[in-house]
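To keep things clear, I will list the structure first and then write my remarks on it.
The values are calculated or read from the model by the stated rules, or taken from the named source; none is laboratory data. All figures in this text were calculated on a predicted structure; none of them were measured in a lab. Cβ sites come from the backbone with ideal geometry, for glycine too, and all protein chains shown count toward neighbours. Side chains are part of the model used for accessible areas, which takes the heavy atoms of the whole protein and leaves out ligands, DNA and RNA. Shrake-Rupley method; radii C 1.70, N 1.55, O 1.52, S 1.80 Å.
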Amino acid sequence: MATDLEHELADLLEVASFPPPQAFAKTAQITDGSVHEAAERDPEGWWLEQATGLLDWYEEPTQSLDDSNPPFYKWFADGTLNASFNCLDRHVEAGRGDRVALHWHGEEGEQRAVTYADLLGDVQRFANALKDRGIGRGDVVGIFLPMIPEVVVAMLACARVGAMHNVVFGGFSAESVRERMEFSDAKALVTVDGARRKGKTAPIKASVDAAGIDVETTFVVRHTGIDTPMGDGDVWFDEALAAADAQCAPERLDAEHPLFILYSSGSTAKPKGILHTTGGYLTQVAWTHRYVFDLRPEEDVYWCSADVGWITGHSYIVYGPLLNGATSVMYEGAPDYPDKDVWWDLCERYGVTIFYTAPTAIRACMKWGPEYPGRHDLSKLRLLGTVGEPINPKAWLWYYLVIGGKRCPIVDTWWQTETGGIMVTTLPGAQATKPGAAGTPLPGIAAQVVDEQGEPVPPDTQGLLTLTRPWPGMLRTLYRDDDRFVSTYWEKFGPRTYFVGDAARQDEDGYLWVIGRVDDVLNVSGHRMSTAEIESAIVSHPKVAEAAVIGQADEDTGQSVAAFVTLEGAFEGTDELVVELREHVALRIGKLARPKRIIWSDDLPKTRSGKIMRRLLRDIAEGRELGDVTTLRDPDVMAQLQGRVQELQAEE
Ligand code: WTA
């Protein structure tokens with residue numbers, strides 16, 4: 001028998017569009033289209049106003065966009081500022097030092113309230129510790145830390161001295177860290193003794209050592225207290241802080257001074273070092289954090305459940321909230337430990353008013369059932385957000401009903417590591433939301449859906465999403481690889497039209513419905529991965545001759561990784577080898593990249609020129625009618641693979 005909730009969900013599925021809830025709209029900061037209109041009249045002038053209004057500058061910029069050398073755009077180039085000053089000092093100087101910046105909650109229930117003054121103190125000391133070791137403007141510092149306040153301290157200390165941080169997501173393997181440190185030529189690494197996950201402790205410093213990471217200094221945060229080998233060039237983070245001077249004046253940096261590199265997956269095995277600079281990035285994240293989330297820093301308690309190692313964490317755990325003087329929750333652990341209600345427990349405990357998460361997390365909660373949120377008082381929540389992948393209407397409605405109690409608008413925010421900040425969504429007090437659609441381009445942003453030739457397609461027609469006007473938070477290049485920057489984003493449609501890599505359609509109201517990636521990038525639980533990177537990890541196993549990886553539609557994680565693997569002659573595809581290969585991928589890249597399915601194949605479908613036809617593999621994996629196979633070198637391969645996949649599915 002269907003429950004009341006199921007009935008209500010079924011009824012709401014008929015509703016195509018939800019206007020801003022009345023009580024919300026009454027107090028929202030933006031309630032009509034005037035901001036969109038003002039920005040549209042003069043986008044560059046409008047962005048300049050936001051830059052000077054939202055940030056404190058040593059020298060205020062008089063220039064907005066410099067597009068004299070596309071696609072190498074600059075923003076606010078004659079201004080100077082410092083990111084850490086804007087995140088911390090100015091709040092403390094204005095008497096807000098006692099405000100809690102982070103309500104940190106540890107996995108075992110520990111609590112720390114970290115104020116703006118606390119952060120400023122630690123950031124100055126760590127900035128001095130960096131300077132003492134010769135690290136300053138233009139140097140790269142790697143950061144490999146769990147969700148603890150020290151990650152924020154380390155990032156902002158880099159920004160204070162003009163060094164770039166290069167944060168690696170804690171779920172990646174030490175091998176991935178090594179690679180990213182090498183690519184970026186990092187001078188130092190900030191890591192941790194051990195990391196906790198669901199009651200267990202993983203030795204992080206020891207695994208980093210085992211990977212042979214070559215940096216001059218490794219700072220080690222004492223977090224779990226496990227036995228940790230310390231060698232030459234290794235320094236305890238707390239001891240470095242204690243030994244450092246308490247005052248450190250922020251560097252006055254050009255708006256275009258690099259702020260950070262963040263490696264992200266592209267269509268080759270080598271991750272891309274996406275480079276963001278200071279003034280433009282900060283302007284966009286400050287604006288979007290304030291107005292997309294309708295943030296009122298004095299009253300709101302904000303929580304973004306992402307990890308700081310992804311762009312969402314950089315922009316909407318660290319920079320956006322701190323620039324705006326917000327109070328946030330930071331949680332170390334997993335969503336189902338000690339129990340599946342821990343998120344809702346935290347929302348109640350800290351009085352969370354704004355909650356931002358990924359569709360995959362919502363689908364997991366849906367599966368666990370409404371009784372977990374039902375144990376807690378969620379009435380303080382007033383706005384919900386999603387990011388990272390398209391959300392299916394059913395999950396959207398569940399979020400709206402069960403978590404938001406029909407009071408809270410949902411902002412579905414579309415953006416990328418490359419865009420720096422949110423690009424497409426709805427302004428929650430001004431625009432209606434449509435379950436499944438991200439929304440319209442934000443003020444100052446321009447997007448268009450086009451065909452392969454770059455011609456705009458009619459409404460409601462699927463095409464390629466492009467961004468047709470530079471925006472302040474845009475990536476400036478790929479670190480030390482301008483050529484790849486140009487060829488990845490600016491070749492297909494020229495240096496003034498940014499190629500996104502997503503398919504989308506735009507409806508009659510101008511709402512964008514993002515469908516998914518068109519390149520060889522996978523999206524598993526909102527985490528970006530490259531098929532080529534996983535293939536190269538699999539092929540590095542001595543028993544493997546060849547591999548092709550595809551993304552398969554998955555009810556829980558959006559997509560999951562499926563690998564078609566051909567073994568070296570003498571080896572047989574056994575269950576033990578499946579386990580071994582999955583473990584091998586976890587060691588090379590990280591657990592999140594492990595294939596969910598491995599399909600043994602004697603051969604892979606290839607064109608006569610030897611190119612693997614992934615489209616056909618996707619058709620097989622998803623049980624679709626096969627497309628054109630006439631260009632294949634050996635069409636019989638297909639029948640064999642289809643048989644294997646059916647066997648596997650029968651076993652599952
Ligand atoms: C996808 C994450 C649909 C998209 C901030 C994009 C989305 C890629 C949405 C970037 C959304 C992100 N609706 N798809 N609201 N948000 N995506 O770099 O395919 O980790 O290109 O940045 O995620 O992933 P990235």
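What the table shows:
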| item | result |
| --- | --- |
| Residues that are open to solvent by 10 Å² or more (accessible area, probe 1.4 Å) and away from the ligand (no atom under 13 Å from the Cβ), drawn from the range 255-285 | Glu256, His257, Pro258, Thr268, Ala269, Lys270, Leu275 |
| Residue match in the range 515-533 (condition: part of a loop (DSSP other than H, G, I, E, B) and either within 30 Å of Phe571 (Cα to Cα) or of a type in the set (D, E, K, R) (or both)) | yes |
| Any chance Gln29 is within 30 Å of Ala438 (Cβ to Cβ) and open to solvent by 60 Å² or more (accessible area, probe 1.4 Å) | yes |
| Close pairs from the range 131-157: first modelled with pLDDT under 95, partner buried (at least 24 other Cβ atoms within 10 Å of the Cβ), Cβ under 6 Å, at least 6 apart | none |
| Inter-residue pairs, beta-carbon under 7 Å, first under 18 Å from Ala154 (Cβ atoms) and in the range 212-236, second part of a strand (DSSP E or B) and basic (Lys, Arg), 6+ apart | Thr224/Arg196 |
| Residue, nearest to Leu48 (Cα to Cα), within the range 473-490, restricted to residues that are in contact with a helix residue (DSSP H, G or I) (Cβ under 6 Å, 6 or more places away or on another chain) and within 14 Å of the ligand (Cβ to nearest atom) | Gly473 |
| Contacts under 6 angstrom Cβ, first residue in the range 608-635 being closer than 18 Å to Val565 by Cα, partner in a helix (DSSP H, G or I), 6 or more apart | Ile620/Leu641; Ile620/Gln642; Ile620/Val645 |
| Pair list, Cβ under 6 Å, 6 or more apart: the range 536-563 residue farther than 25 Å from Asn392 by Cβ, other residue open to solvent by 50 Å² or more (accessible area, probe 1.4 Å) and of a type outside the set (Lys, Arg) | Lys543/Glu568; Lys543/Phe571; Ala545/Glu568; Ala547/Val539 |
| Residue that is among the polar types (S, T, N, Q) and crowded, with 22+ Cβ neighbours inside 10 Å, where the choices are Thr224, Thr288, Thr201 | Thr288 |
| Sole residue being touching a Leu at 6+ places or on another chain (Cβ under 9 Å) and part of a loop (DSSP other than H, G, I, E, B), chosen from Pro435, Pro390 | Pro435 |
| Extreme residue, nearest to the ligand (Cβ to nearest atom), among residues of the range 501-514 that are part of a strand (DSSP E or B) and open to solvent by 20 Å² or more (accessible area, probe 1.4 Å) | Val514 |
| Output for the range 75-88, where each listed residue is in contact with a helix residue (DSSP H, G or I) (Cβ under 8 Å, 6 or more places away or on another chain) and part of a strand (DSSP E or B) | Trp75, Leu81 |
| Sole exception among (1) away from the ligand (no atom under 16 Å from the Cβ); (2) buried (at least 23 other Cβ atoms within 10 Å of the Cβ) for His314, by number | (1) |
| Boolean, Glu583 is buried (at least 17 other Cβ atoms within 10 Å of the Cβ) and either more than 26 Å from Glu389 (Cβ to Cβ) or more than 16 Å from the ligand (Cβ to nearest atom) (or both) | no |
| Check on Lys406, open to solvent by 40 Å² or more (accessible area, probe 1.4 Å) and within 17 Å of Lys434 (Cβ to Cβ) | yes |
| Strands (runs of 3 or more DSSP E) wholly inside the range 89-205 containing at least 1 residues that are closer than 24 Å to Leu323 by Cα and under 20 Å from the mean Cα position of the chain (by Cα) | 100-105, 140-143, 164-167 |
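Rundown of residues vs (1) away from the ligand (no atom under 16 Å from the Cβ); (2) open to solvent by 10 Å² or more (accessible area, probe 1.4 Å); (3) assigned to a loop (DSSP other than H, G, I, E, B), yes/no style:
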{"residue": "Pro443", "(1), (2), (3)": "yes, no, yes"}
{"residue": "Gln453", "(1), (2), (3)": "yes, yes, yes"}
{"residue": "Pro459", "(1), (2), (3)": "yes, yes, yes"}
{"residue": "Leu464", "(1), (2), (3)": "no, yes, no"}
{"residue": "Trp471", "(1), (2), (3)": "no, no, yes"}
{"residue": "Lys492", "(1), (2), (3)": "no, yes, yes"}
{"residue": "Phe499", "(1), (2), (3)": "no, yes, no"}
